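A quick write-up on the structure given underneath.
The values are calculated or read from the model by the stated rules, or taken from the named source; none is laboratory data. Predicted model only: the values in this text are computed from it and were never measured. Virtual Cβ from ideal backbone geometry, glycine too; neighbours counted across all protein chains shown. Remember, those area values only see protein heavy atoms, side chains included, never the ligands or the DNA or RNA. Shrake-Rupley method; radii C 1.70, N 1.55, O 1.52, S 1.80 Å.
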Amino acid sequence: MIIESKDNKKVKYINKLRTNKFMMQEKKFIVEGEHLVKEACEAGVLLETFSTNEVNYNVPNNIVTPIIMDYISNLPSSSNVIGICKFIQEKESLGDRIIILDDVQDPGNLGTIIRSANAFNIDTVVLSMSTVKKYNEKVIRAAQGMLFKVNVISKDLKTFIPSLMENGYKVYGTNVEDGVDLGEAFLTGKIAVVMGNEGNGITPDVKSLLSDNIYIKTSDTCESLNVAVASSIIMYEIGKRV
């Protein structure tokens, strides 16, 4: 049966799932497009698909009209397949290489950081409670499927960072004023680096927990780097010293 009514209960469900409250209640999220649906399938989190033609991802599929696909799609040009996924199982083991994001707000920045984390062998990306949520659809699109390959967790940094230190991690902040040049920093063993908000940097409460800082040396004419760019450079440095 082809779904062609906006009043169909499954159509209503998928649109409701786009609200943060209902998404958290159901512990499900949405991916759009063949690439992300395939990545979700390979990760074992895909539950159901909606498409404009026959597809087979080994989960139930609902065929919808192009009009309904336009209605349920959030993309400027709607895709031909949308997937509903269950929340990704977070790993208990954090690994030795951690990037911590303190109040990062831009979904594109978070998605890019997750992609770079996968590229440079970072074990875990930790989000503060005020950082943009990992299941934000713009984050998912910007991460290009790497959300399924990187351990991304949310923590209260005021308790999480001290616990890391107690467990032998060297935790760096990022501050040009009293930091060590990235190229000279000790970045082997159990390492975590805190990256701050796009405009305001690391929050005062978190900054007070940190005694060591690093910075990226840039030209005198460069005022600052985008947080995703800076994070990627730091993760590259960490990754190459493994």
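A few notes on this one:
- Dividing the summed helix terms, -39500 (n - 2.57) for each DSSP H run of n ≥ 4, by the number of residues in the chain produces a 222 nm estimate of -9500 deg cm²/dmol to the nearest 500.
- Residue pairs exceeding 22 angstrom between C-alpha atoms, taken from LYS38/LYS190; LYS16/LYS155; LYS134/LYS155; LYS28/LYS207: LYS38/LYS190; LYS16/LYS155; LYS28/LYS207.
- DSSP-defined antiparallel bridges as percent of all bridges, the chain, nearest 5: 30 percent
- Within region 81-103, backbone nitrogen closer than 19 Å to the virtual label 7 Å beyond the Cα of LYS16 toward Cβ: 83-87
- Counting Lys and Arg as +1 and Asp and Glu as -1 over every other residue whose Cβ lies under 11 Å from the Cβ of ALA43, the net charge comes to +1.
- Within the accessible area of region 52-152 (1.4 Å probe), percent carbon and sulfur: 46 percent
- Each Cα pair under 8 Å and six or more residues apart adds its separation to the average, and for region 1-112 the resulting relative contact order is 30 percent.
- For the chain, the solvent-accessible area with a 1.4 angstrom probe is 51 square angstrom per residue.
- Calculated FRET efficiency for the pair ASP7/SER77, C-beta based, R₀ 30 Å, to 0.05: 0.75
- Within a straight-line Cα-Cα reach of under 15 Å, LYS91 can be paired with the following aspartates and glutamates, leaving aside sequence neighbours fewer than 8 residues apart in one chain: ASP123.
- Computed on the Cα atoms alone, the convex hull of region 1-128 gives a volume of 128 cubic angstrom per residue.
- Acute angle (nearest 10 degrees) that the helix 107-119 long axis makes with the longest principal axis of the chain, alpha-carbon atoms: 70 degrees
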